[in-house]
1. May I ask you to list pairs of residues, at least six apart or on different chains, whose Cβ atoms are under 9 Å apart, with the first in region 33-47 being in contact (Cβ under 8 Å) with a residue 40 or more places away in the chain and near the ligand (Cβ under 6 Å from one of its atoms) and the second being in a helix (DSSP H, G or I) and open to solvent by 70 Å² or more (accessible area, probe 1.4 Å)?
2. Contact list please: Cβ distance under 6 Å, first residue in region 155-176 and touching a residue at least 40 places away in the same chain (Cβ under 8 Å), second residue hydroxyl-bearing (Ser, Thr, Tyr) and away from the ligand (no atom under 12 Å from the Cβ), pairs at least six apart or on different chains.
3. Within region 101-148, can you find the residues that are of a type in the set (Ser, Thr, Tyr), part of a loop (DSSP other than H, G, I, E, B) and more than 18 Å from Val91 (Cβ to Cβ)?
4. Looking at region 88-117, which of its residues are open to solvent by 20 Å² or more (accessible area, probe 1.4 Å), within 15 Å of the ligand (Cβ to nearest atom) and not hydroxyl-bearing (Ser, Thr, Tyr)?
5. Which of the residues that make up region 190-207 are open to solvent by 40 Å² or more (accessible area, probe 1.4 Å) and not in a helix (DSSP H, G or I)?
Amino acid sequence: MDEEEVSLDHPRATSLRIRAKLAHGFKIGITSAFGLFAHGRGEAFDYLIGEETTKNSTRAIRAAAASLLLARHPVLSVNGNVAALVPQELVKLAEISEAKLEVNLYHRGGGREEAIAVVLRESGAKEILGIGSAASATIPEICSDRRRVDPKGILIADTVFVPLEDGDRTEALVKLGKTVITVDLNPLSRTAQMSTITIVDNIVRVMPLLIKTAKQLETETEQNLQKIVKAFNNEQNLCESIERINNRLKRLAKLSRDT
Ligand code: PTJ
């Protein structure tokens, strides 16, 4: 089913449209089959969170926007899922934060990098790092293709935005002293726990808000941006997400006991 074929009055229309985007991404060779499983896991956590942007997500988005604006060499890492879901938003965020876009995949090959580059170019990207032999540098302690990075991008970045990431690379990037910003609906994942700033929310809700917040903060002084980043506590934020899930489950359990 294509995105346009999803009936607007279907009770799960938003969720079905997101699925359709990913299915299309799979069909045109940008999303991997593993990406579809990853999305299923994300959906389950989104359901538990309540499919909305929470207060703690808003707080993390603000800290992420401030961090990107403060960075000297920010890089937005693009995988097959985010390329299918939010390509235009990635290009916009890169423009506002003066960040580089780098394609970095868990599973390379099969023309996926090139297909993702086409989608990003169609969305307005001028420069795309990490394609083919451009990913000539290696970051240590990663088993997947994600260790291959661009010397003009992730290798020299001080701040890396890595939405829908796996734990290995997050840990490696943090060990290299980089600020790591992630978007992950699962607050228990290794990525969520290891990152400097974790936005526990759906990437499709996060990107427009991140762009809006970066625009609002663009004119702030470096000192004020530093204050926002310093005031943010990732551990506390993650605890709040877990508590939210816990409380929602308790409420649902009570409802089913009472009926
Ligand atoms: O395109 P590739 O080859 O680089 O592969 C990308 C995937 C996503 C397959 C790869 O990075 C992977 O295997 O990721 P994981 O380890 O499954 O982690 C993905 C995390 O993203 C999980 O914790 C999901 O809950 C979460 N997630 C999935 N969809 C969304 C999401 N978080 C936010 N928004 C979503 N839409």
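The values are calculated or read from the model by the stated rules, or taken from the named source; none is laboratory data. Given the structure is predicted, the values throughout are model-derived calculations rather than measurements. Heads up, the Cβs are rebuilt from the backbone with ideal geometry, glycines too, and the neighbour counts pull from every protein chain shown. Surface accessibility is based on the protein's heavy atoms, side chains included, excluding ligands, DNA and RNA. Shrake-Rupley method; radii C 1.70, N 1.55, O 1.52, S 1.80 Å.
1. Going by the 9 Å Cβ cut-off, the qualifying pairs are Gly35/Phe26; His39/Arg19.
2. Within 6 Å, the pairs are Thr159/Ser67; Thr159/Thr179.
3. To start, the set of residues in region 101-148 that are of a type in the set (Ser, Thr, Tyr) comprises 106, 123, 133, 136, 138, 144.
Add one more test, that the residue is part of a loop (DSSP other than H, G, I, E, B), and what stays is 106, 123, 136, 144.
Hits for region 101-148 are Tyr106, Ser136, Ser144.
4. In the first step, residues of region 88-117 are kept if they are open to solvent by 20 Å² or more (accessible area, probe 1.4 Å); the result is 88-89, 92, 95-96, 98, 100, 106-112, 114-115.
Imposing the further condition that a residue be within 15 Å of the ligand (Cβ to nearest atom) reduces the set to 89, 106-112, 114-115.
Glu89, His107, Arg108, Gly109, Gly110, Gly111, Arg112, Glu114, Ala115 - these are the residues of region 88-117 that are open to solvent by 20 Å² or more (accessible area, probe 1.4 Å), within 15 Å of the ligand (Cβ to nearest atom) and not hydroxyl-bearing (Ser, Thr, Tyr).
5. Thr196
Residue-by-condition table, conditions (1) over 17 Å from the mean Cα position of the chain (by Cα); (2) of a type in the set (Ser, Thr, Tyr); (3) at pLDDT 95 or above:
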position	(1), (2), (3)
Arg169	no, no, no
Lys178	no, no, yes
Pro187	no, no, yes
Val204	no, no, yes
Pro208	no, no, yes
Lys212	no, no, yes
Glu220	yes, no, yes
Ile242	yes, no, yes
Asp258	yes, no, no
